[in-house]
Amino acid sequence: MRTERGATTVTIRGDRFDDSTEVYIGDRKIDGARVSGRTISFAAPAGATGVITVRHGGEALVVGRYAGTVAQRQARSSAERRTEAQTRWRERRAQLAAEEAERQAALEAREAALAQNRAERRRARLATIREQYEQRFLAQTAVQDEMALHAARVARIERMQRLVDVKYEDELAVRIEVLSEREDQRHEARMADLRAAFQGS
């Protein structure tokens with residue numbers, strides 16, 4: 001037997017067909033098939049796919065597989081590709097969201113830890129400064145201004161360092177490290193100048 005497929009019409013050629021002959025695509029019986037002695041022709045239902053069998057005289061003969069029209073196959077292929085792409089994007093989006101959540105959680109945890117011991121760190125810094133300079137020197141307006149300026153700059157640099165730690169940007173991390181060193185050097189030099197001027201007054 002041989003099948004001829006064009007559009008949605010299927011023709012099966014053989015012999016000894018009669019009105020009792022039935023045609024199936026998969027488990028679906030095809031109604032309205034035109035049966036003659038040597039041919040069976042029928043219009044395949046839209047969306048039907050599967051193995052074509054001819055049942056006659058208590059026997060089932062496998063003719064072949066019907067995969068639908070070219071347009072139907074292309075539509076299924078396009079839909080499958082779109083579904084696969086959507087699935088991949090959903091998985092990727094979920095992964096990105098999880099990574100972002102982890103980075104945000106790490107940043108918030110570090111901020112919380114810094115906030116918790118900020119008072120202790122501030123007291124420790126003041127104690128160190130008091131050991132280096134007497135109270136009368138620290139009371140000078142120029143010294144107070146310099147200390148406030150340095151503290152503000154250090155706070156900004158520390159904030160940038162925390163952000164870089166989360167984002168892993170190597171080049172920016174190096175630049176911030178250099179900036180931190182320069183600020184420390186500037187501060188030390190300025191305090192030395194103020195100390196010298198104070199001692200000479």
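Bear in mind these aren't lab numbers, they're just calculated from the coordinates by the rules spelled out. Keep in mind the model is a prediction, meaning the values are calculated, not measured. Counting neighbours? That spans all protein chains shown, and the Cβs are built from the backbone with ideal geometry, glycine included.
Size estimate for the stretch 133-200 follows the Kirkwood approach: the inverse of mean 1/r over distinct Cα pairs works out to 13.4 Å.
Across the options Ala189, Ala113, Ala151, the greatest Cα extent toward the positive end of the charge dipole of the chain (unit charges at beta carbon of Lys, Arg, Asp, Glu) belongs to Ala113. Taking Ala109, Ala151, Ala46 in turn, the Gaussian network model of the chain (Cα-Cα springs below 10 Å) assigns the largest fluctuation to Ala46. Where [x] 0.97; [y] 2.52; [z] 1.05 are the candidate values, the label of the one calculated here for Cα Rg over 2.2 N^0.38 Å is [y]. Counting other Cβ atoms within 10 Å as a rough exposure proxy, the listed residues Val10, Val54 run Val54, Val10 from fewest neighbours to most.
Just from its helices, what would the mean residue ellipticity at 222 nm be for the chain, if runs of 4 or more DSSP H residues each count -39500 (n - 2.57) and the sum is divided by every residue, rounded to the nearest 500 deg cm²/dmol? That calculation yields -22500 deg cm²/dmol at 222 nm.
Split the chain at each of the trypsin sites (Lys or Arg not before Pro) in a DSSP loop with at most 13 other beta carbon atoms within 10 Å, and the longest piece is 39-201.
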